[in-house]
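Enquirer: Take this structure, written in structure tokens, and hold onto it; I'll ask about it next.
The values are calculated or read from the model by the stated rules, or taken from the named source; none is laboratory data. This one's a predicted model, so the numbers in the text were calculated from it and none came from an experiment. Neighbour counts are summed over all protein chains in view; Cβ atoms, including those assigned to glycine, are modelled from backbone coordinates with ideal geometry.
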Amino acid sequence: MLIFHSLRLARSSMPARSQLPRSALTALATRTRGLASAAEPYDVVIVGGGPGGYPAAIKAGQMGMKVACIEKRGRLGGTCLNVGCIPSKALLHSSHLYEEAAHGWGPHGISADNVKIDLAKLMSHKDKTVTGLTGGIEGLFKKYKVDYFKGTGEIVGAGSVKCHPMDGGAAQTLTAKNIVIATGSEPAKLNGVPVDEKTIVTSTGCLELTSIPKTLVVVGGGVIGLEMGSVWRRLGADVTVVEFLDGIGARPPSASLDCAAHAHSDGTNTHTHTHIEPSQCLPSLCRARLSPDARAVAPVAPVGGPMDKEMAKTMERIFKKQGMKFKLKTKVNSAEVLPGGGARLHLDSVAGDKPETLDADIVLVSTGRVPNTVGLGLDKIGVKVNKRGQVEIDDHFATNVPGIYAIGDVVRGPMLAHKAEEEGIAIIEQIAGKGGHVNYDTIPGVIYTHPEVATVGKTEEELIKAGIEYKKGTFPFMANSRARANADTDGLVKMLACAKTDRVLGIHIIASNAGEMIAEGVLAMEYGASAEDIGRTCHAHPTMSEAFKEAAMATYDKPIHF
Ligand SMILES: Cc1cc2nc3c(=O)[nH]c(=O)nc-3n(C[C@H](O)[C@H](O)[C@H](O)COP(=O)(O)OP(=O)(O)OC[C@H]3O[C@@H](n4cnc5c(N)ncnc54)[C@H](O)[C@@H]3O)c2cc1C
């Protein structure tokens, strides 16, 4: 890889890498870009242009690598931009505006008669948002000289990827020093429930409905089900959520991180990293600064699993107040589309003693997502895939075949766009010999309903299970002046800190702006903050964020306003 030889040569005659500013490294890398010619293999070929693949491609281009990205959808941005995060958030925002105008302005003395929905226009706003953003990524590819291939990628061997063009032309073989699999995920199927994307739909079909259903049954009370259920409830549908578990809001699925922790000494303390080499230990991330008690918590449980129970119960109450119905501890045995329209579900209690049927105009199946490896040729070249269909990787995203890496939804960890993006950047930095790193202990998760639910770190149940002594501070938005002024008081901030060290271990927020507010918590946890660090940080008044500070104060002392 010419670029890296150049970097290595440069290293011997220049100040140590750590002494070079980041911009100088980038400039150095960019200068060497010209050495690669079209006949040479790519430094990296990325299969999949979603939030894992496209930032990886851009990063590689920015670092001067010769890079190609193969995407079979015909549009960049993956699930997230095309049929996931972005279109769902457009519908959530539009439907929230409608609900506010129709029912939410009363406390402010404002009423609007005859508030109407133009569903076609609402959908067109969503579509325009998607087109604009996906087109924007194509622009960035051009800017950073990423070769974009529209087609299906098939890995035919280490260092060789065949692209089968979308337009049906002859396949083209790309040679590559490194291959990154970023093929994402697709909706999971439910046995006995035949999806036709018209009456029985996945999230993809649910984003495209052409009329507002009178009744919608959501199978699965996780993030996607609650978000899509909220959209159509706000627009007028009678929504029932059927959930197998005893509670709602399962956090994004996460396989075991399966990473062998290794210990090393930095001269002050022996400590454990799960994802980085000792040589790449960054002082800002190093748990050695923290007491052994606080450190021991981090690797206990991966992100994912059930939501904090107190928050899940609170949200269930709020959703019920909004008119959503729930059938918990209920399983769906089968479903069929009815000849006269709509669908019938055959349900039973989990215990199997209450069989019943439930009819709906539309059924949304949102029972999770599965990794997407179909047609990639992994079996032929011997890349290991685990029981859950995930490509197996080590702590550095490497598969068992040298030179082939994998990131994003197709590997272990929470199925989230920002997790995929972090991994996309990290793998490119690692290929470039830099210390790319993802801290899986501080990946936030958000449900974008109203109010929103945001979480980072451990739940109370996880701490109890791990036998960690903790302190808990909560602060309700009912006691927050800005929330009162906004007449938007549903929710609370809950903070969990180590009883011995006061290090923050988990933050859970229900608030209209929880998805933005959690960033403060993520940053605090990334820097190993204590609850007192947050409680003594000045927050502007009057803001919802003051509740964040007061929850921190409640953790080690008392809040002022409650
Ligand atoms: C309705 C919905 C809402 C969501 N909301 C959020 C949210 O608010 N926040 C959040 O963080 N996450 C959200 N997610 C999850 C998020 O979309 C995914 O975690 C994220 O897109 C994963 O990124 P990825 O790059 O790993 O995979 P993907 O986004 O799935 O991208 C993979 C790409 O690879 C392409 N591909 C697959 N196989 C091949 C092949 N052989 N050759 C070429 N191309 C191939 C696919 O066409 C796809 O475009 C949501 C998902 C859904 C469905």
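Enquirer: Would you point out the residue of the range 52-70, among those that are outside any loop (DSSP other than H, G, I, E, B) and out of contact with any strand residue (DSSP E or B) (no Cβ under 7 Å at 6 or more places or on another chain), that is farthest from the ligand (Cβ to nearest atom)?
Expert: Ranking the qualifying residues of the range 52-70, first place goes to 62.
Enquirer: Also, quick follow-up: Do you know which residues across the range 81-121 are surrounded by fewer than 16 Cβ atoms within 10 Å (Cβ to Cβ) and among the small types (Gly, Ala, Ser)?
Expert: If the condition is that a residue be surrounded by fewer than 16 Cβ atoms within 10 Å (Cβ to Cβ) and among the small types (Gly, Ala, Ser), then 101, 106, 109, 111, 112, 120 are the ones that fit.
Enquirer: Could you tell me whether the range 71-78 includes any residue that is surrounded by fewer than 24 Cβ atoms within 10 Å (Cβ to Cβ) and more than 9 Å from the ligand (Cβ to nearest atom)?
Expert: Checking the range 71-78: not a single residue is surrounded by fewer than 24 Cβ atoms within 10 Å (Cβ to Cβ) and more than 9 Å from the ligand (Cβ to nearest atom).
Enquirer: Would you mind stating whether residue 471 is outside the structural domain of residue 419 (by TED's automatic domain parsing) and in contact with a strand residue (DSSP E or B) (Cβ under 9 Å, 6 or more places away or on another chain)? Break it down stepwise before answering.
Expert: Values: outside the structural domain of residue 419 (by TED's automatic domain parsing): yes; in contact with a strand residue (DSSP E or B) (Cβ under 9 Å, 6 or more places away or on another chain): yes.
So residue 471 passes the test.
Enquirer: Here are some conditions: (1) under 27 Å from residue 421 (Cα atoms); (2) free of Cβ contacts under 8 Å to residues at least 40 places away in the same chain; (3) of a type in the set (Ser, Thr, Tyr). Residue 124 meets all but one. Which one does it not meet?
Expert: Single failed check for residue 124: (1).
Enquirer: From the list 197, 208, exactly one residue is without any contact (Cβ under 8 Å) to a residue 40 or more places away in the chain and farther than 24 Å from residue 388 by Cβ. Which is it?
Expert: 197
Enquirer: Mind counting the residues in the range 358-413 that are in contact with a Lys or Arg (Cβ under 7 Å, 6 or more places away or on another chain) and either away from the ligand (no atom under 14 Å from the Cβ) or over 19 Å from residue 54 (Cβ atoms) (or both)?
Expert: Count: 7.
Enquirer: Restricting the search to the range 152-161, which residues are in a strand (DSSP E or B), in contact (Cβ under 8 Å) with a residue 24 or more places away in the chain and either surrounded by fewer than 20 Cβ atoms within 10 Å (Cβ to Cβ) or not assigned by TED's automatic domain parsing to the domain that holds residue 47 (or both)?
Expert: Step one: of the range 152-161, the residues in a strand (DSSP E or B) are 152-157, 160-161.
Filter once more, keeping what is in contact (Cβ under 8 Å) with a residue 24 or more places away in the chain: 152-157, 161.
Scanning the range 152-161 gives 156, 157.
Enquirer: Residues 95, 111, 124: which one is of a type in the set (S, T, N, Q), in a helix (DSSP H, G or I), more than 15 Å from the ligand (Cβ to nearest atom) and outside the structural domain of residue 449 (by TED's automatic domain parsing)?
Expert: Of the residues listed, the single one that is of a type in the set (S, T, N, Q), in a helix (DSSP H, G or I), more than 15 Å from the ligand (Cβ to nearest atom) and outside the structural domain of residue 449 (by TED's automatic domain parsing) is 124.
Enquirer: Could you check residue 183 against (1) β-branched (Val, Ile, Thr); (2) assigned to a helix (DSSP H, G or I); (3) under 30 Å from residue 218 (Cβ atoms) and say which number it fails?
Expert: Residue 183 satisfies every listed condition except (2).
Enquirer: Another one. Give me the pairs, please: first residue somewhere in the range 75-91 and under 15 Å from residue 224 (Cα atoms), second residue anywhere and acidic (Asp, Glu) and near the ligand (Cβ under 6 Å from one of its atoms), beta-carbon distance under 8 Å, and either six or more positions apart or on two chains.
Expert: 79/409
Enquirer: Something else now. Filter the range 467-503 for residues that are among the hydrophobic types (A, V, I, L, M, F, W, C) and in contact with a Cys (Cβ under 8 Å, 6 or more places away or on another chain) and give the result.
Expert: Result: 468, single match.
Enquirer: Hey, another quick one. Inspect all residues belonging to the range 165-174 and state whether any of them is touching a residue at least 60 places away in the same chain (Cβ under 8 Å) and more than 21 Å from the chain's Cα centre (by Cα).
Expert: Yes, that holds for at least one residue.
Enquirer: Can we say residue 216 is under 30 Å from residue 425 (Cα atoms) and either assigned to a strand (DSSP E or B) or touching a helix residue (DSSP H, G or I) at 6+ places or on another chain (Cβ under 7 Å) (or both)? Before you say what the answer is, go through the steps one by one.
Expert: Working: under 30 Å from residue 425 (Cα atoms): no; either assigned to a strand (DSSP E or B) or touching a helix residue (DSSP H, G or I) at 6+ places or on another chain (Cβ under 7 Å) (or both): yes.
Criteria not met by residue 216.
Enquirer: Still on this structure, please answer the following. Applying the selection to the range 348-368, what residues are in a strand (DSSP E or B), within 29 Å of residue 212 (Cβ to Cβ) and acidic (Asp, Glu)?
Expert: Result: 356, 359.
Enquirer: Let me ask something else about it. So which of 436, 445 is at pLDDT below 95, of a type in the set (Gly, Ala, Ser) and surrounded by fewer than 24 Cβ atoms within 10 Å (Cβ to Cβ)?
Expert: Numbers: 445 fails: at pLDDT below 95.
The conditions single out 436.
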